[in-house]
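Any read-out appearing in this document is the output of simple, stated calculations on the displayed coordinates, not a laboratory observation. Nothing here was measured: the structure is a model prediction, and the numbers come from that model. When we count neighbours, we look across all protein chains shown, and the Cβ atoms used for this are built from the backbone with ideal geometry, even at glycine.
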2 protein chains.
Amino acid sequence: MTPKIASFLDTQPATPCLVLDLDRVAENYAALRRALPAAKIYYAVKANPAAPILDLLAARGSCFDAASLPEIEMCLAAGAPASAISFGNTVKKPSAIAAAHKLGVPLYAFDSIEELEKIAAHAPGAKVYCRIAVNNEGAEWPLSKKFGTTLDRAKVLMLAAPALGLVPHGLSFHVGSQQTGTAAYETAIAEVAMLFTDLKAAGVELKMLNLGGGFPIRYLSDVPEADAFGTAIMDAMVEHFGNDLPEILIEPGRSMVGNAGVVASEVVLVCRRMEADARRWVYLDIGRYGGLAETEGEAIRYRITAGNGQTGPVVLAGPSCDGVDVIYEKTPYHLPLELKSGDRVLIHDTGAYVTTYASQNFNGFAPLQEYYV
Amino acid sequence: MTPKIASFLDTQPATPCLVLDLDRVAENYAALRRALPAAKIYYAVKANPAAPILDLLAARGSCFDAASLPEIEMCLAAGAPASAISFGNTVKKPSAIAAAHKLGVPLYAFDSIEELEKIAAHAPGAKVYCRIAVNNEGAEWPLSKKFGTTLDRAKVLMLAAPALGLVPHGLSFHVGSQQTGTAAYETAIAEVAMLFTDLKAAGVELKMLNLGGGFPIRYLSDVPEADAFGTAIMDAMVEHFGNDLPEILIEPGRSMVGNAGVVASEVVLVCRRMEADARRWVYLDIGRYGGLAETEGEAIRYRITAGNGQTGPVVLAGPSCDGVDVIYEKTPYHLPLELKSGDRVLIHDTGAYVTTYASQNFNGFAPLQEYYV
């Protein structure tokens, strides 16, 4: 936790709330730039679209990966030029494509002929890039089941783009979110490099490779630093592309804002409901429907602290009447034996993928407050 | 779909949206009254807290089961007297208990000594009821892991209530949401009846049994009618309580509003992304984070229609860039072979547990619109 966050929390804001240190975002942006100086950074807006974050990144010259028309509009409102925005969702409404095109957004993702035809119809002349499904092994929040196509089919689609009036600009892949190994990038780069070569031989020269996001942050376990990913990626790029490097894009979301934020929560109840309970149940005022959606299946395991003293094992659950609203039951968590209703618990590294997931009104609970300091 | 919903949908409202027929809610309320005339109905507000629904039910004399202070305030705003409200969440902030007590809410749930002590401190003199954990077999959305205590411990807690200045008023259980069998009620009633007897022998005469909710509605498969549950429940009550029946409460949510609503959604993309795909992927403009949270693990399987014509198998997914946002992959769904981007899909029986789950802003998508007709 940064001093700025600690000092804001000293004011005892009502819980649940997210407190995010913007200086940390600036540091993360700088670290990513240093780690991959050859890459253009397209911040994955969906990780946290709060205006102070977008303002800060736009002022530093960041580009933006938008999932929807509203996200594009947020980036423009932050002062980003349309030319710095990529419409990265492979699933877009025709009306959203047309509106983005009118606003001047130049770059569109796709992974099917149907989407390519929609882009051709509603954003004529646009630059397009095809998403390849790659191995997501090592990712704690995998993405490839729902998105991406094969190298063979991508080749057919890229070759079809010019006749549709589109510019076949590049390829993308995504190794999965919170990807804890560098090998997934190396393998994927080797695969797509072959397709660059194939397409060049067929007369289509691609200009761009989008490496997606997925860069991990430290939750409970150490992960490789940004520099390790940068080195692995650039080594693989040089190995497979030689000195004919395409423009490189990366789409960090979690690694840009995750470790900048802390959620403060209040303990609503600590109890043992059954005689046989070895573990106390700790109910917090935030749960799976209050923003901690990535705890589904206990996939993302946040670091949680709550004062000092001797600790014992707990099950953590949210405040709603929903039986599914249990945060951690299998993952061993320990919290102070003295913990009681009214105490404050901190959930660390919650700057990404928390606020926007929060349900609008489940069980009558309003979404968490957000403070950007 | 009711004629009123069909006629509203003919106006082509922007999607995604929920259209809910209030007449159907009134019919469901009447049917539940007929099925269990001996029971007081406490509508589970969390199922859908929209003001038109609460207004309608308050006007008919319904009582209300509230999960939070905001839900209590919604009921009061709808004209319900505080005396008709039960604070049914076993996990409550002290400040919420105190506020509810000040507003005149008489009835509080608990399942631990810690919660009982909180109620004693912040709602002195209140009527309390203890939630028993019962078998949830047969329920498509189980609840008992997170809530309820054992009969033995409940006995200890109820005996402790008077010394804490509380009125030991009754017991409750919940057989799980979308409970498709009547046997779970029969077994649970037999169990709690014994505790009524035990407590009476120990000098505590309970006045109330809260049977919870869980009454199912028809999604893809037939379920027993409300009458069948009513008969099974009353037979069990008479068998185990004789003619010394306690006051009976039920907390229907899904069965009150579920079948009154239809979600209209737009197809964003239909494609086969891989050569080997036997099934088309159909991406809708609503998904797991847009309100269809109960499709997690494909637990609740909604009836989905989309025009006519020959059909083929599909995978259904939401519009976000999140790989987890897949609605149905294992459950076999068939939609027309002609289905394409821009077409409308109807998701039936979505009046309960949809609107409030919707994320406030995930991927930049606003929550679905709601229309009560």
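Modelled this way, with points 7 Å down the Cα-to-C-beta line, the labels at B:Asp23 and A:Lys145 are 4.2 nm from one another. Between B:Thr11 and A:Ser95, what FRET efficiency follows from the Cβ-Cβ distance if R0 is 22 Å, with the result rounded to 0.05? Using R0 = 22 Å, I get an efficiency of 0.75. Angle of helix B:22-35 to the longest C-alpha principal axis of chain B, folded into 0 to 90 degrees and rounded to 10: 40°. Under a Gaussian network description of chain B, with springs only between Cα atoms under 10 Å, the residue in B:Gln12, B:Gln178, B:Gln360 that fluctuates furthest is B:Gln12.
Only DSSP H runs of four or more residues enter the estimate; each adds -39500 (n - 2.57), and after division by the residues of the protein assembly as shown the mean residue ellipticity at 222 nm equals -8500 deg cm²/dmol. Label-point spacing for A:Val167 across the identical copies (point 7 Å from Cα in the Cβ direction), in nm and ascending order: 7.6.
Rounded to the nearest 10 degrees, the inclination of helix B:94-103 to the longest alpha-carbon principal axis of chain B is 80 degrees. Once you've got the GNM for chain A with C-alpha springs shorter than 10 Å, pick whichever of A:Ala77, A:Ala44, A:Ala202 has the biggest mean-square fluctuation. With Cα springs under 10 Å in chain A, the top fluctuation among A:Ala77, A:Ala44, A:Ala202 is at A:Ala202.
When B:Met158, A:Met208 are arranged by Cβ crowding within 10 Å, least crowded first, meaning fewest neighbours, the order is A:Met208, B:Met158.
Each Lys and Arg adds +1 at its Cβ and each Asp and Glu adds -1 at its Cβ; summed about the Cα centre, the protein assembly as shown shows a dipole of about 640 debye. Within straight-line reach of B:Lys340, meaning a Cα separation under 28 Å, sit the following lysines at least 8 residues removed in sequence or on another chain: A:Lys46, A:Lys92, A:Lys93, A:Lys102, A:Lys118, A:Lys127, A:Lys145, A:Lys146, A:Lys155, B:Lys4, B:Lys330.
How high is the relative contact order of chain A, given as a whole-number percent (alpha carbon pairs under 8 Å, six or more residues apart)? Walk me through the intermediate numbers first.
Working: 830 pairs, mean separation 73.0, N = 373.
Relative contact order comes out at 20 percent.
May I ask which residue of B:Thr305, B:Ala278, B:Gly323 lies farthest towards the positive end of the charge dipole of the stretch B:259-372, with charges of +1 (Lys, Arg) and -1 (Asp, Glu) on Cβ and the Cα centre as origin? Going by the Cα projections, it comes out as B:Ala278.
Quick one: B:Lys146, A:Lys207, A:Lys127, fewest Cβ neighbours within 10 Å first, how do they rank? Walk me through the numbers on the way to the answer.
Details: B:Lys146 24, A:Lys207 13, A:Lys127 19.
Starting with the residue having the fewest Cβ neighbours, the order is A:Lys207, A:Lys127, B:Lys146.
For the protein assembly as shown, the convex hull drawn through the C-alpha positions has a volume of 148 cubic angstrom per residue. 3J(HN,Hα) along the stretch A:168-178: x, 8, x, 10, 9, 8, 9, 7, x, 7, 6 Hz, from the Karplus curve 6.51 cos²θ - 1.76 cosθ + 1.60 with θ = phi - 60°, whole Hz, x for Gly and Pro.
Building the convex hull from the alpha-carbon atoms of the stretch A:188-248 and averaging its projection over directions returns 4.5 nm². Remark on A:Ser177: its backbone amide H falls under 5 Å from those of A:Trp141, A:Leu143, a criterion applied only to residues 5 or more positions apart or on other chains, H modelled at 1.01 Å from N.
At 0.692 mPa s and 37 °C, plugging the Kirkwood radius over alpha-carbon pairs of chain B into Stokes-Einstein gives what diffusion coefficient in µm²/s?
Numbers: Rh = 21.8 Å.
Estimated diffusion coefficient is 151 µm²/s.
Remark: relative contact order (the stretch B:274-357) = 38 percent; criterion is Cα-Cα distance under 8 angstrom and separation of 6 or more residues.
Express as a percent, rounded to the nearest 5, the fraction of DSSP beta bridges in chain A (both residues included) that run antiparallel.
On the way: 23 of 59 bridges.
Given both bridge residues lie in chain A, the antiparallel proportion sits at roughly 40 percent.
Between copies, the label points of A:Arg303, set 7 Å from Cα on the Cα→Cβ line, lie 5.2 nm apart, reported in increasing order to one decimal in nanometres.
Only Lys, Arg, Asp and Glu carry charge here, each on its Cβ (+1 for the first two, -1 for the last two); on that basis the stretch B:240-373 has a dipole of about 520 debye about its Cα centre. Label-point spacing at A:Pro332 relative to the other copies reads 4.5 nm, in ascending order, each point sitting 7 Å out from Cα along Cα→Cβ.
Taking the C-alpha atoms only, the angle from helix A:226-241 to the longest principal axis of chain A is near 20 degrees.
Per-residue Cβ counts within 10 Å, from other chains only, averaged over B:83-94: what number is that?
Working: counts 0, 0, 0, 0, 0, 1, 8, 5, 15, 5, 10, 5.
So the per-residue partner count for this stretch is 4.
Considering the rotation that superimposes chain A on chain B, the residue of A whose beta-carbon lies nearest the axis, and that distance in Å, is A:Gln360, 2.
Hey, got the average number of other protein chain Cβ atoms within 10 angstrom for residues in A:272-285?
Values: counts 5, 15, 8, 5, 1, 1, 0, 0, 1, 6, 0, 8, 1, 3.
For this peptide, the per-residue mean of nearby foreign Cβ atoms is 4.
Within 10 Å of the Cβ of each residue in A:323-333, the mean number of Cβ atoms contributed by other protein chains is 3. The stretch B:133-205 and the stretch B:16-50 have their alpha-carbon centroids 24 Å apart.
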